[in-house]
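Here's the structure, in C-alpha cells; my notes come after.
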Amino acid sequence: MPHLIVEYSNTLQASMQTVLPTLHQVLLASNQFGASDIKVRAREYQDFLVGGTTDAAFVHLTLYLLDGRSHETKHALSQALCAAVQQHIQASLPIQITVDIRDMVRATYSKIIK
C-alpha cells in the first residue's frame, strides 16, 4: 500500500520507465507512505480511443490507498501526481492526463511479506 497503476496510450513519445521513479518519489515526498510500501506499475494500451479518435494520447493513474485519508490529502496527491506526469510527458498529439484515487477497505486488505 499504496498501489499506483499507470495506464497509457502507445502514442506517447516518452518511455514510462523514466516516469515511474518520479511518481514513486512524489508519493514518498507526501510523507504518507514508507518507501518499501509504494508499488508503481504501468500498462501500455495499443487499442484505445480518446475523444473518439486514436489521434490522441492519454495517461491515467489509479492510486489505491487504505481508507481513512482526508479528501484534502487525496486531492493533494492527485494534483502532485498529475503535475509530475505533465512535466515528464511530451506529446505531439493532444493528451489527457487523469488521476483517480480509490479507497481500499482497511478491514479486508491483506499483505504478506516474506
| query | Given labels modelled 7 Å from the Cα in the Cβ direction, how far is it in nm from LEU28 to ARG69? | reply | 1.6
| task | Can you spot the aspartates and glutamates whose alpha carbon is less than 19 Å from LYS111's alpha carbon? Ignore those fewer than 8 places along the same chain. | result | ASP37, ASP67, ASP103
| Mean shadow area of the chain, taken as a quarter of the surface of its Cα convex hull (nm²) | 8.0
| query | Over the heavy atoms of TYR45, what accessible area does a 1.4 Å probe trace out, to the nearest 10 Å²? | reply | 70
| task | Please report, as a whole percent, how much of the solvent-accessible surface of segment 1-79 comes from carbon and sulfur atoms (probe radius 1.4 Å). | result | 48
| task | Kindly report the accessible area of segment 61-114 per residue (heavy atoms of protein chains, probe 1.4 Å, no ligands, DNA or RNA), in Å². | result | 68
| Counting only protein chains, not ligands or nucleic acids, how are SER9, SER78, SER92, SER70 ordered by accessible area (probe 1.4 Å), most first? | SER92, SER70, SER78, SER9
| Per the Kirkwood treatment, what hydrodynamic radius in Å, one decimal, follows for segment 55-114 from the mean inverse distance over all distinct Cα pairs? | 13.4
| query | So what is the 222 nm mean residue ellipticity for the chain from helices alone, if each DSSP H run of at least 4 adds -39500 (n - 2.57) and you divide by all residues, rounding to the nearest 500 deg cm²/dmol? | reply | -8000 deg cm²/dmol
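The values are calculated or read from the model by the stated rules, or taken from the named source; none is laboratory data. Keep in mind that this is a model prediction, so the values were computed, not measured. Don't worry about glycine lacking a Cβ; one is built from the backbone with ideal geometry, like all the others, and counts go over all protein chains shown. Remember, those area values only see protein heavy atoms, side chains included, never the ligands or the DNA or RNA. Shrake-Rupley method; radii C 1.70, N 1.55, O 1.52, S 1.80 Å.
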